[in-house]
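Student: Quick one: the structure is below, questions incoming.
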Amino acid sequence: MKTSGNTILITGGTGGIGRELALRWHAAGNKVVVAGRRRAALDAIATEHPGIEGLVLDVESADGVQAFAREVLARHPEINVLVNNAGIMHFEDAATARDLTDAEATVTTNLLGPIRLTDAFVDHLSSKANAAIVNVTSGLAYVPLVTAPTYNATKAAIHSYTVSLRELLRGKVEVIEIAPPGVQTGLTEGQETRPGYMPLEDFIDEVMALFAAQPTPPEILVERVRPLRFAERDGRFDATLAQLNEMARKAREGQD
């Protein structure tokens, strides 16, 4: 993927990882369009960082995604990079019957959202030079956090979808996966300062260095996520599963 001269659409671009990617890519000489649900947050990032444009997107509506894509391409026919970053995470107790509203919303946002957006833009991207699709998954796609089973499942599904897409679009569109570890963002309550999670700035620094490599790695893996990504390959899955979930429990409880 080129490091500059792109026109990049980033979903979930008003906070956390998406916002920091938008700012870094904009500073590197790319036109950046961020998409999100909240008009106020979109206006704020556009005001604070002239040149970044914000557009409202609600991935819960299939028709809405198609209409959004038509609007974006009419305004920015030069778009050559789609970043599927928007995601939500809810803690759930799947060991007992419960209200599935949160689980269903997670599937819609984290799985159907990227599939719908990819479908809406893939023909356009296939016609552009230096085109790329970047899907943000998670280290939890490989070793699950058992208190967030639906989140883990959606990220594992997007990893698999990304692998298939990479092969299907080989030679036409570059397909890249970013799999973050636990990062200090607002993904869940209190996560911005949760001990044991990677500081956001450190994560973005390492990600941008990996994007600068030529050729761009098909998987953007910071060092802290590699133990999760390769746990099964290296015969450490059971131990890593236990370690991850114990660490997360202590972090949520404020223990060292």
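The values are calculated or read from the model by the stated rules, or taken from the named source; none is laboratory data. Just so it is clear, the model here is predicted, and its values are computed rather than measured. As a convention, Cβ positions derive from the backbone with ideal geometry for all residues, glycine included, and neighbour counts pool all protein chains shown.
Student: With the requirement that a residue be touching a residue at least 40 places away in the same chain (Cβ under 8 Å), β-branched (Val, Ile, Thr) and farther than 19 Å from Leu73 by Cβ, what does the range 1-52 give you?
Tutor: Result: Thr3, Thr14, Ile17.
Student: Please find, within the range 3-48, the residue that is farthest from the chain's Cα centre (by Cα) out of those that are among the basic types (Lys, Arg) and within 25 Å of Ser138 (Cα to Cα).
Tutor: So the residue we want is Arg38.
Student: Quick check on Thr216: is it assigned to a loop (DSSP other than H, G, I, E, B), in contact (Cβ under 8 Å) with a residue 12 or more places away in the chain and either among the charged types (D, E, K, R) or surrounded by 12 or more Cβ atoms within 10 Å (Cβ to Cβ) (or both)?
Tutor: Yes; evaluated as a whole, the condition is true for this residue.
Student: Gln214 versus (1) farther than 27 Å from Asp93 by Cβ; (2) within 21 Å of the chain's Cα centre (by Cα); (3) of a type in the set (S, T, N, Q): which is the lone unmet condition?
Tutor: (2)
Student: Could I ask something else about it? Name the helices (runs of 4 or more DSSP H) wholly within the range 21-139 that hold at least 3 residues that are under 16 Å from Ile158 (Cβ atoms) and not small (Gly, Ala, Ser)?
Tutor: The helices (runs of 4 or more DSSP H) meeting that bar are 113-126.
Student: Among the residues of the range 134-168, which ones are over 21 Å from Leu21 (Cβ atoms) and among the small types (Gly, Ala, Ser)?
Tutor: Answer for the range 134-168, where residues must be over 21 Å from Leu21 (Cβ atoms) and among the small types (Gly, Ala, Ser): Ala148, Ala153, Ala156, Ala157, Ser160, Ser164.
Student: Any idea how many residues of the range 178-197 are touching a residue at least 24 places away in the same chain (Cβ under 8 Å) and either closer than 25 Å to Pro114 by Cα or charged (D, E, K, R) (or both)?
Tutor: So the answer is 11.
Student: So for the range 122-141 (the condition being surrounded by fewer than 19 Cβ atoms within 10 Å (Cβ to Cβ), at pLDDT 95 or above and closer than 20 Å to Ile88 by Cβ), does at least one residue qualify?
Tutor: No, there is no match, as no residue in the range 122-141 is surrounded by fewer than 19 Cβ atoms within 10 Å (Cβ to Cβ), at pLDDT 95 or above and closer than 20 Å to Ile88 by Cβ.
Student: Given the criterion in contact with an Asp or Glu (Cβ under 8 Å, 6 or more places away or on another chain), at pLDDT 95 or above and of a type in the set (Ser, Thr, Tyr), identify the matching residue among Thr96, Thr101, Thr108.
Tutor: Residue meeting the stated conditions: Thr108.
Student: Would you check which residues across the range 155-202 are among the aliphatic types (A, V, I, L, M), in a helix (DSSP H, G or I) and closer than 21 Å to Thr108 by Cα and list them?
Tutor: Ala156, Ala157, Ile158, Val163, Leu165
Student: Also, quick follow-up: Given the residues Val65, Val83, Val59, Val72, which is the only one that is touching a Gly at 6+ places or on another chain (Cβ under 6 Å) and either buried (at least 20 other Cβ atoms within 10 Å of the Cβ) or farther than 21 Å from Gly182 by Cα (or both)?
Tutor: Val59
Student: Can you tell me which residue in the range 142-167 is surrounded by the fewest Cβ atoms within 10 Å (Cβ to Cβ), limited to those that are β-branched (Val, Ile, Thr) and out of contact with any helix residue (DSSP H, G or I) (no Cβ under 8 Å at 6 or more places or on another chain)?
Tutor: Across the range 142-167, the extreme among qualifying residues is Val163.
Student: For the range 129-145, enumerate the residues that are among the polar types (S, T, N, Q) and either at negative phi or without any contact (Cβ under 8 Å) to a residue 60 or more places away in the chain (or both).
Tutor: Passing the criteria: Asn135, Thr137, Ser138.
Student: Does Val175 satisfy the criteria of being in contact (Cβ under 8 Å) with a residue 24 or more places away in the chain, in contact with a Lys or Arg (Cβ under 7 Å, 6 or more places away or on another chain) and buried (at least 20 other Cβ atoms within 10 Å of the Cβ)?
Tutor: yes
Student: Taking into account only those residues within the range 103-128 that are among the small types (Gly, Ala, Ser) and free of Cβ contacts under 8 Å to residues at least 60 places away in the same chain, which is farthest from Leu82 (Cα to Cα)?
Tutor: Of everything passing the filter in the range 103-128, Ala103 is farthest from Leu82 (Cα to Cα).
Student: Listed residues Asp234, Asp238, Asp205; which is out of contact with any helix residue (DSSP H, G or I) (no Cβ under 6 Å at 6 or more places or on another chain) and in a loop (DSSP other than H, G, I, E, B)?
Tutor: Going through Asp234, Asp238, Asp205 in turn, the sole match is Asp234.
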